[in-house]
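**Student:** One structure, pasted below without further comment.
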Amino acid sequence: MVSNIKKSVKKKASKAKLAEDEYLVLKKRSRHESKVKGSKFIATAQTVNNQEEAEAFIAEIKKEFHDATHNCSAFTVKERGKSRVRYNDDGEPSGTAGRPILQAIDSKNLSNTSIVVTRYFGGTKLGTGGLMRAYGGAATELIENADIEKIQITQTVSFTVSFDFVNMIHNIVGNFKGTMQETQYGDDVTFNVDLRKTKYNSFKEKLIEATNGQVKF
């Protein structure tokens, strides 16, 4: 079984190096407003678990700002081990809004994130480059001012050993910084341990070595 552990990251999001079993998400829905040459840009972001949630969030924000000139959006989600990305310019010139928003998400190493940048036109045209900077900048400023969580992917290891190995098992679990879940006692002892996904194989190898192969998975 694979699950997630949340750890708050109070500092601003950055392109920090992450382990292969870690990813970053927004801690809660966030919003940031900015102005560029009279136009008001309202960036709203939320963590989403799948494409359906991302699309529902975008529809919600578009309904909230139904009178806006544009509601441009982008999202990236991981589903069943595959990444899905979408972006929409919502009437702005192609490539000037949705893509810069998506690039802002990627540049900050965020996963499972949907952002809508709403624009109320202020009377001055920004041009292609100006639009890209405005939309990308709005999304970037939002992320930089938001609380970020680091998610660690964990996996449950279930195994059975004799009572002779109980104390040893507790020591090994502690060394691997695992978390004991339900333990079942019978003729033998069955443990259920959650630990980081990257430690899964080495943990099993250590159990086999420590019990001289007398562990059953």
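**Student:** Between beta-carbons, use under 15 Å as the cut-off and find the net charge around D187, counting Lys and Arg +1, Asp and Glu -1.
**Tutor:** Charge balance near D187 sits at -1.
**Student:** Put +1 on the Cβ of every Lys and Arg and -1 on every Asp and Glu Cβ in the chain; which of G136, G98, N50 then has its Cα farthest towards the positive end of the dipole?
**Tutor:** The residue sitting most towards the positive pole is G136.
**Student:** Also: If I compute Cα extents along the principal axes in Å from the structure I just sent, which labelled value in (i) 143, 37, 29; (ii) 82, 37, 26; (iii) 78, 28, 23 lines up?
**Tutor:** Computed from the coordinates, Cα extents along the principal axes in Å corresponds to (iii).
**Student:** In nm, what is the difference between 0.36 nm times the number of residues separating E60 and T198 and their Cα-Cα distance?
**Tutor:** Roughly 46.0 nm would be gained on extension.
**Student:** Using the structure shown, list the pairs from K82/K204; K150/K177; K17/K40; K28/K199; K63/K108 with a Cα-Cα distance above 23 Å, or answer none.
**Tutor:** Violating the 23 Å limit, Cα to Cα: K82/K204; K17/K40; K28/K199; K63/K108.
**Student:** Let's see if you can work this out: charge +1 on each Lys and Arg Cβ, -1 on each Asp and Glu Cβ, no other charges. What is the dipole magnitude of the range 153-210 about its Cα centre, in debye to the nearest 20?
**Tutor:** So the dipole magnitude of the range 153-210 works out to roughly 420 debye.
**Student:** Right, here's the next one. When the Karplus curve 6.51 cos²θ - 1.76 cosθ + 1.60 is applied with θ = phi - 60°, which whole-Hz ³J(HN,Hα) does each residue of the range 180-186 get, with x for Gly and Pro?
**Tutor:** Coupling constants for the range 180-186: 6, 9, 5, 10, 10, 10, x Hz.
**Student:** Taking the Cα centre of the chain as the origin, how large is its charge dipole in debye, to the nearest 20, when only Lys and Arg (+1) and Asp and Glu (-1) carry charge on their Cβ atoms?
**Tutor:** 960 debye
**Student:** Something else now. What is the list of residues in the range 173-191 whose amide nitrogen lies under 16 Å from a point 7 angstrom out from the Cα of T160, following Cα to Cβ?
**Tutor:** Taking a point 7 Å out along Cα→Cβ of T160, the residues of the range 173-191 whose backbone N falls under 16 Å are 183-191.
**Student:** Further question: Checking the cross-link filter: which aspartates and glutamates have an alpha carbon closer than 13 Å to that of K125, excluding same-chain neighbours under 8 positions apart?
**Tutor:** Qualifying aspartates and glutamates at Cα under 13 Å: E92.
**Student:** Further, regarding this structure: Rank-order 26-35, 113-122 by packing density, defined as the average count of other C-beta atoms within 10 Å over each peptide's residues, highest first.
**Tutor:** The most tightly packed comes first, giving 113-122, 26-35.
Values quoted throughout were computed directly from the atomic coordinates according to the rules given, and no laboratory measurement underlies them. What you are looking at is a predicted structure, and each value in this text was computed from that prediction instead of being measured. Neighbour counts are summed over all protein chains in view; Cβ atoms, including those assigned to glycine, are modelled from backbone coordinates with ideal geometry.
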